[in-house]
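A short worksheet on the structure shown next.
The values are calculated or read from the model by the stated rules, or taken from the named source; none is laboratory data. Nothing here was measured: the structure is a model prediction, and the numbers come from that model. Positions of Cβ are generated from backbone atoms using ideal geometry, with glycine treated the same way; all protein chains shown enter the neighbour counts. Ligands, DNA and RNA are stripped out before the accessible areas are found, and what is left, the full protein with its side chains, is counted by its heavy atoms. Shrake-Rupley method; radii C 1.70, N 1.55, O 1.52, S 1.80 Å.
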Amino acid sequence: MTTRTRILTGITTTGTPHLGNYAGAIRPAILASEDANADSFYFLADYHALIKCDDPQRIQRSRMEIAATWLAGGLDVNRVTFYRQSDIPEIPELTWLLTCVAAKGLLNRAHAYKASVDKNVENGEDPDAGISMGLYSYPVLMAADILMFNAHKVPVGRDQIQHVEMARDIGQRFNHLFGNGKEFFTMPEALIEESVATLPGLDGRKMSKSYDNTIPLFTSAKDMKDAISRIVTDSRAPGEAKDPDNSHLFTLYQAFATKAQEAQFRGELLEGLGWGEAKNRLFQLLDGQLGEARERYHQLMSRPSDMEDQLQVGAKKARAVAAPFLAELREAVGLRSFVNQAAAPVATKKKAAKAARFVSFREADGSFRFRLLAADGEQLLLSRNFTDGKAAGAVTKQLQRGDALDVRAEALGFSVWLDGAAVADSAEYADQASRDAAIEALRAALAPIED
Ligand code: TRP
């Protein structure tokens, strides 16, 4: 059986999705989730939104708008796990476990944080002016998002690649420190869709809220039409041949058209279609493709409690994965129940190994000997006599190296051999079972200590 590829991505809930977000992220993510081999986790990164925005109204509106956009766009919640980050308390808890292993030096290098520092320095301000711990720890929270679900692939924009790399870094460190040979976390990979359109905005620069050049997605047909009418074109009059390859209006059309529609539009532009009519064609195309989804969007927005229900189902699904995994991680770092503590195999082995000790002494005749005492003080071994202390010391060292022990049982006792010579002996036991138990205890006491 092959495991399905776990795809995970988060959407920061600070704005209203526009046409560029739809073509660049939402549409491809919904398509990817339809692949039978994909196990998709999509979530509203609303804890991340708090880092950038302290307007509760806006946070709430954006969460609803983004949820409605994804659902209206055709996301099938029975297929994917669709949830709000803030509904999963395991995420902030994991964030703390990861914060405790994340190197501060690593976070110092985060682009977003560094850019803020640089700006402060440029303005002659204190380097950390206005920088919250939220912004600084942003990559750790994102690492928790990703590692919590052991995502294989993380579709993101280029500006987020560094964050995915940091998630790997932090996860690897946790694995190393607490895994005891086990890999708790899967190493995630950023997935940059090369084929996905970066749409130009009204002015031809990348469509972005910060350039104020966006085409609204689902607000209304009229808003979309108004925005399209403001697309910047050259001044060629109707009847003059247009150059489709240097027209961002054409690029926008292309991102939504079939090959046939595209070829037809290209031909008409070359034949002198007027820009006004061209804008009309673009509107018709977009409206035809997005009109129904717009209807669904407004329905969802008018009944937010339906969305609440769907997101609660998503949270339940996500927590069914997160909660048992977090329990394992808590166990690994030492946040354990006090019940049955002594029975925990790793703990007893370590304890015995740590607590067993060698005690050296000198006989009246001047020879050197040592005892090996178990954690409870019981004598496990008494060495033979060594003429000098160095030789005795070398033997205790060798016994602690964790090499396979050469134990030879004789009657109701046993001896330990090194390089063909007996170096130490046990006491005499009442029966063979006690003798064998003592051999076990000796082996446990001298087992390699994993630090
Ligand atoms: N930081 C991402 C962005 O602004 C959003 C995000 C939060 C995210 N957590 C994530 C993306 C986990 C992918 C995986 O775009």
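What the table below lists for this structure:
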| item | result |
| --- | --- |
| Within the range 351-445: Cβ-based charge dipole about Cα centre, in debye rounded to nearest 20 (Lys, Arg +1; Asp, Glu -1) | 500 |
| Alpha carbon Rg of the chain, scaled by the compact-globule rule 2.2 N^0.38 Å | 1.49 |
| Average silhouette area of the range 149-287, convex hull of alpha-carbon atoms, in square nanometres | 11.0 |
| Among beta bridges that DSSP assigns inside the chain, antiparallel share in %, nearest 5 | 60 |
| Helix runs (DSSP H) in the chain reaching 18 Å along axis by Cα, Kyte-Doolittle at least 0.0 | 133-148, 432-446 |
| Helical contribution to [θ] at 222 nm, DSSP H n ≥ 4, -39,500 (n - 2.57), averaged over the chain, rounded to 500 | -15000 deg cm²/dmol |
| Residue-normalised accessible area of the chain, given per residue in Å² at a 1.4 Å probe | 53 |
| Cα-based Rg of the range 101-220 normalised by 2.2 N^0.38 Å, two decimals | 1.32 |
| Stokes-Einstein D for the range 218-301, Kirkwood Rh over Cα pairs, 4 °C, 1.567 mPa s (µm²/s) | 96 |
| Alpha carbon convex hull of the range 351-445, projected area averaged over orientations, nm² | 6.2 |
| Relative packing of peptides 235-248, 423-436 - highest average C-beta neighbours within 10 Å first | 423-436, 235-248 |
| Accessible surface of the chain [probe 1.4 Å, protein heavy atoms]: carbon and sulfur percent | 51 |
| Spherically averaged projected area in nm², based on the convex hull that wraps the Cα atoms of the range 26-168 | 9.6 |
| Relative contact order (percent, whole number), the chain, Cα cutoff 8 Å, 6+ residue spacing | 13 |
| Dipole of the range 218-301, positive end: most advanced residue of Ala237, Gly288, Ser220 [Cβ charges, Cα centre] | Ser220 |
